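Contents: one structure, followed by commentary.
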Amino acid sequence: MLRDRLAEIERRGLYRRRQPLESPQGAEIQVGGRRLVNFCSNDYLGLANHPEVVAAMCRGAAEYGVGAGAAHLVCGHSRAHHALEEALADFTGRERALLFSTGYMANLGVVSALVGRGDRVYEDRLNHASLIDGARLSGARLRRYPHGDAGALRSVLEHAGGGHALIASDGVFSMDGDTAPVAALATAARATGAWLMIDDAHGVGVLGERGGGLLDAVGATPDDVPILVGTLGKALGSFGAFVAGASELIEYLVQQARTYLYTTALPPAVATATLAALALARRESWRRALLDERIRRFRAGARQLGLPLAESATPIQPILVGDNRLALEASARLRAAGFWVGAIRPPTVPVGTARLRVTLTAAHGDVQVDGLLEALARLPGTCFQGDAIAVRGPRMEGSAA
């Protein structure tokens, strides 16, 4: 049965294979003995291999050892964890923050702790899988509204039944790069008495004058968005996640979030490394300015080439292809030219919307961005059909890998 299922996945161009890195994360990486320019990473500020962050990790390991040894509520909560939570609360302008081991666990834990049977969860149709799975795990009724359509959300909210209601949305949508209409969502939540939760995994550290994320960029307050989720493994170059909000919210999650209660705490050394990364992100605003320049440069060049870009002003710049195998082939050809760009296919994105997902970082140079544009322009047989690229010509051996 499993062999048949795997064969079907391969037949549909949806098979995925891991490719081990042989170097630290960065604008250039080594894979299979080759140096490649990396346009796949979410290390938006270039902090994953920053010397100060690496040194902080080493200091943390020397002081606390490697593993936390237990869950936070047993004996795994260290001073390093506590200091990071306090720093994240200050950074986000909220009363408290709570660390989770992963962003997936944060979303599952928050949603399933706040709502249950008889309650309702409303989610954007393009939300991350962790938010959708959190709603399913909770037992609440899940309603998904059209992408970015706060009007449609308001309509279904006003005709809903009893119980508690939670609106949950990505801040920056991870496969499209566009952003949620936070102000309109907040208005809908306030008018109907619903909670509003924003997962700003791809916005924290990147957006806003201070790097506070999408909410910082649009001027949303904690009253507008009571529940903020962020990750530490993207712009902050580390690992883990956090939830920030009012003291009562955080204390309730400490008591009720199963994915917090029943898992080992992050290694304390990760917390010390993240503290160093957070300090860098806060004081070195030039990283965000440089990232913005890279985004503008790529988009300007892509427009000149006529590439079908999504409407995104964030580091996530998807190029729509449509067909799964064509996306794989385009990715393989770029890799042969020295550029690693991921081919994103269903179920990560809707059927028929396979794409190349270009991610830009502050560590990229102009030469690397221009080189990628030149490589995209040289894709043999590339043509445009409506809103999709079609790559024609002889297939590369192994292009369906």
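What follows draws every value from the coordinates through simple rules; no lab data is involved. What you see is a predicted model; the values in this text were computed from it and never measured. FYI the Cβ positions are ideal-geometry reconstructions off the backbone, even for glycines, and counts take in every protein chain you see.
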Test: residue in the range 330-339 that is surrounded by fewer than 20 Cβ atoms within 10 Å (Cβ to Cβ), among the hydrophobic types (A, V, I, L, M, F, W, C) and outside any helix (DSSP H, G or I): yes
Those residues of the range 285-304 which are in contact (Cβ under 8 Å) with a residue 60 or more places away in the chain and buried (at least 16 other Cβ atoms within 10 Å of the Cβ), in sequence order: 287, 288, 290, 291, 294, 295, 297, 298, 301, 302
Only one of 345, 325 that is within 17 Å of the chain's Cα centre (by Cα), of a type in the set (Lys, Arg) and buried (at least 16 other Cβ atoms within 10 Å of the Cβ): 345
Enumeration of residues in the range 148-159 that are in contact with a strand residue (DSSP E or B) (Cβ under 6 Å, 6 or more places away or on another chain) and either closer than 17 Å to residue 197 by Cα or touching a residue at least 40 places away in the same chain (Cβ under 8 Å) (or both): 153
Hits in the range 255-273 - residues which are over 18 Å from residue 64 (Cα atoms) and surrounded by 15 or more Cβ atoms within 10 Å (Cβ to Cβ): 257, 259, 260, 261, 263
Matching entry among 92, 102 (being under 27 Å from residue 169 (Cβ atoms) and either surrounded by fewer than 20 Cβ atoms within 10 Å (Cβ to Cβ) or aromatic (Phe, Trp, Tyr) (or both)): 102
Residue within the range 206-225 that is in contact (Cβ under 8 Å) with a residue 12 or more places away in the chain, under 12 Å from residue 106 (Cβ atoms) and crowded, with 23+ Cβ neighbours inside 10 Å present: no
Test: residue in the range 10-18 that is closer than 22 Å to residue 269 by Cα, surrounded by fewer than 16 Cβ atoms within 10 Å (Cβ to Cβ), touching a residue at least 24 places away in the same chain (Cβ under 8 Å) and of a type outside the set (Val, Ile, Thr): no
The listed residue being among the aliphatic types (A, V, I, L, M), touching a residue at least 40 places away in the same chain (Cβ under 8 Å), more than 24 Å from residue 137 (Cα to Cα) and touching a Ser or Thr at 6+ places or on another chain (Cβ under 8 Å), out of 183, 273: 273
Residue list for the range 3-25, restricted to those being assigned to a loop (DSSP other than H, G, I, E, B) and closer than 24 Å to residue 348 by Cα: 12, 13, 14, 15, 16, 17, 18, 19, 20, 25
